[in-house]
Amino acid sequence: MYAAFRSIGAYVPSRILTNAELEVMVDTSDEWITKRTGIKERHIAAEGETTSDMGVKAAELAIERSGLSKDAIDMIICATISPDYFCMPSTATIIATKLGLNKVMAFDISAACTGFVYALSIAKAFVESGMKKNVLVVGAERLSAITDYTDRGTCILFGDGAGAAIISQTDKQSEAIIDIHTGSDGAYADLLMTPNGGSGSVHDELDREAAGCFMKMKGNETFKVAVRTLTNDVVEILEQNNIPASAITHFVPHQANYRIIKAVGDALQLAEEQVVLTVEKYGNTSGASIPMAINDIYESGRLQEGDLMLLDAFGGGLTWGSALVPFSGKGIR
Ligand code: COA
C-alpha cells in the first residue's frame, strides 16, 4: 500500500492587514517590510473566528475536491501552534465534531512552521501500514492571537489562515508520496518561542504580554539557521532519491520570508516558475502556509495530476522537514 496526496483545500479570512496599517501601529515602513521579507499584506481572522473554524472551511473544500464521502475520513491530524484551547481539547477533535465526524482518531501536533510536513509524515505512515485509509491533514493558524502588535520584529511577519489535504491509500506506486525527511534541534528553542499561553485559553483576562503569551523571535539568527538548514535538507532529499532539481514541477517552501525562499531556490538552481510564492499576500501562516500555497497553485490551474512537488519547511523548535510529493488529484484546467 502507498500513500497518495489526493486533494487540497484552503481558507483565508477576509480581513486584510496591510503594511500601511502596520506603519501606524509600530515604527516600520512598507519599504522595509517589502525589502526584508517580501510581505505586502496578511489576513487576520474575524473576532470570534477560531483556528478550528478556519480549519473546517479548508477541510470541507479538500473533502469535496477528493470526491470522497465525508464518512470515508478515518483520521484527522491538525498542525497548529495557535490551538483553540491551550491544553485540551485538541483543535483536531473540534474540527472533527464540526465536520460531523464523532468517532475518528483526531489529534494535534506541535511542530510550528514544519507542522504540515510532520503531519504529512504521520499520515503517510498510517496509510502505508494499512491502519488508516483516508487521513485529513489540516494546517490551521490564528497567529494574530499570539502576536504582539507592539513588537515590530514579529508583528509584520505573521497572518491567519488554514489549509487541508487528504492523504489516501493507493496501490499505484506512481501516485505514492516518495519520501519525507523530518528533524529537530531543541538546542535552538530560544530562537523562536511562545513562553506561555494558547489562543483560545481561559486566560483572556490576563495581561497576555506580561504572561509571556506572545511569540518572541531572534529574527536574524533564525534567518541564518533557516537558510542553512533548509538548503541542506532539500539537497539531501533530492540526492537520496536520485531526483534532479529540474524534475520538480513545484517547489513549495514554507512561506516565511522571500529572501529565505530565494536563497534555497538559488542553491537548487530552480527556475522562477518552479518556485511557489504566496508570502507577499499571506505573510507567514506557520503550519497553514504550505497547504495554503498548494491550494493557490491548484486554484490557479497550475497544479495538475502527476506534478511533482518538493515541500520544505522550517520553524520553532527548531524543526525542519521536506517531502517529495506527486499530486494525485485532478487539477483544474
Ligand atoms: N521595521 C523597521 N526596522 C526593523 C523592523 C521593522 N519591522 N524590524 C527590525 N528592524 C530593524 C532592527 O531593529 C535593526 O535595526 P538596527 O540595525 O538599528 O539594530 C535592523 O532593522 C536590522 O534588523 P535585523 O533583525 O538584522 O533584520 P533582518 O534583515 O534579519 O530582518 C527579519 C528581520 C525578522 C525580517 C528576518 O530576520 C527574518 O525574516 N528572519 C527569519 C524569520 C522567520 O523565518 N521566522 C519564522 C521561522 S518559520
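Any read-out appearing in this document is the output of simple, stated calculations on the displayed coordinates, not a laboratory observation. Because the structure is predicted, anything quoted here is derived from the model rather than measured. Every residue, glycine among them, receives a Cβ derived from its backbone with ideal geometry; neighbour counts consider all protein chains shown.
I need the calculated FRET efficiency for the pair T34 and M88, taking r as the beta carbon distance and R₀ as 41 Å, to the nearest 0.05.
The formula returns an efficiency of 0.55 here.
Rank these for me by crowding, I109, I95, going from fewest to most other beta carbons within 10 Å.
Exposure proxy ranking, most exposed first: I109, I95.
Which whole-number percent is the relative contact order of segment 179-326 (Cα, under 8 Å, 6+ apart)?
35 percent
For the pairs K98/K132; K40/K216; K98/K172; K224/K330, flag any whose C-alpha to C-alpha distance is greater than 26 Å.
Flagged as over cut-off: K98/K172; K224/K330.
Rounded to the nearest 500, what is the 222 nm mean residue ellipticity of the chain from helices alone, with -39500 (n - 2.57) per DSSP H run of 4+ residues and division by all residues?
Mean residue ellipticity at 222 nm (helix-derived): -9500 deg cm²/dmol.
Put a dot 7 Å past each Cα toward the Cβ at D171 and D148; how far apart are the dots in nm?
Between D148 and D171, the simple spin-label model gives 5.7 nm.
Can you put H43, H254, H181 in order, fewest other beta carbons within 10 Å first?
H181, H43, H254
Taking segment 9-118, which trypsin sites (Lys or Arg not before Pro) meet the DSSP loop condition and have no more than 15 other C-beta atoms within 10 Å?
Here the trypsin sites (Lys or Arg not before Pro) that fit, given the DSSP loop and packing criteria, are K103.
When the chain is modelled as a GNM with alpha-carbon springs shorter than 10 Å, which of Y258, Y11, Y118 fluctuates the most?
Y258
Please get the size of the charge dipole for the chain, origin at its Cα centre, with Cβ charges of +1 on Lys and Arg and -1 on Asp and Glu, quoted in debye to the nearest 20.
It comes to approximately 600 debye.
How do E221, E141 rank when sorted from fewest to most other Cβ atoms within 10 Å of their own Cβ?
Placing the least packed residue first, the sequence is E221, E141.
Using DSSP, restrict attention to beta bridges with both residues in segment 179-326 and report what percent are antiparallel, rounded to the nearest 5.
For segment 179-326, the DSSP antiparallel bridge percentage is about 75.
Grab the Cα-Cα distance for K216 and E272, subtract it from 0.36 nm times how many residues apart they are, and report the gain in nm with one decimal.
16.9 nm
Describe numerically, in nm with one decimal, the distance between label points set 7 Å from Cα along Cα→Cβ at R259 and at A46.
Calculated label separation equals 3.7 nm.
For the chain, state the average projected area of the convex hull of the C-alpha atoms over all orientations, rounded to one decimal in nm².
15.6 nm²
When the chain is fully extended, how far beyond the present Cα-Cα distance does D179 get from E23, taking 0.36 nm per residue of separation?
Difference between extended and current length: 51.9 nm.
In debye, nearest 20, what is the charge dipole magnitude of segment 2-173 about its Cα centre with +1 on Lys and Arg Cβ and -1 on Asp and Glu Cβ, if you could check?
That gives a dipole near 740 debye.
If I model segment 179-326 as equal point scatterers sitting on the Cα atoms and use the Debye formula, what is log10 I(q)/I(0) at q = 0.09, 0.16 Å⁻¹?
-0.32, -0.87
Return the FRET efficiency for the residue pair M131, Q304: r is the Cβ-Cβ distance, R0 is 35 Å, and the value is rounded to the nearest 0.05.
0.70
Taking every alpha carbon pair in segment 258-333, what does the distance histogram look like in 10 angstrom bins from 0, in percent?
16, 51, 30, 3
What share of the DSSP beta bridges in the chain is antiparallel, in percent to the nearest 5?
So the antiparallel bridges in the chain amount to around 70 percent.
With an 8 Å Cα cut-off and a minimum separation of 6 or more residues, compute the relative contact order for the chain in percent.
For the chain, the relative contact order is 26 percent.
Report the equivalent ellipsoid semi-axes for segment 1-156 in whole Å, largest first, defined as the square roots of five times the eigenvalues of the gyration tensor built from alpha carbon atoms.
So the three semi-axes of segment 1-156 are 33, 16, 14 Å.
Quick one: if you stick a label point 7 Å off each Cα along the C-beta vector at R228 and M105, how many nm between them?
Reported label-point gap for R228 and M105 is 3.7 nm.
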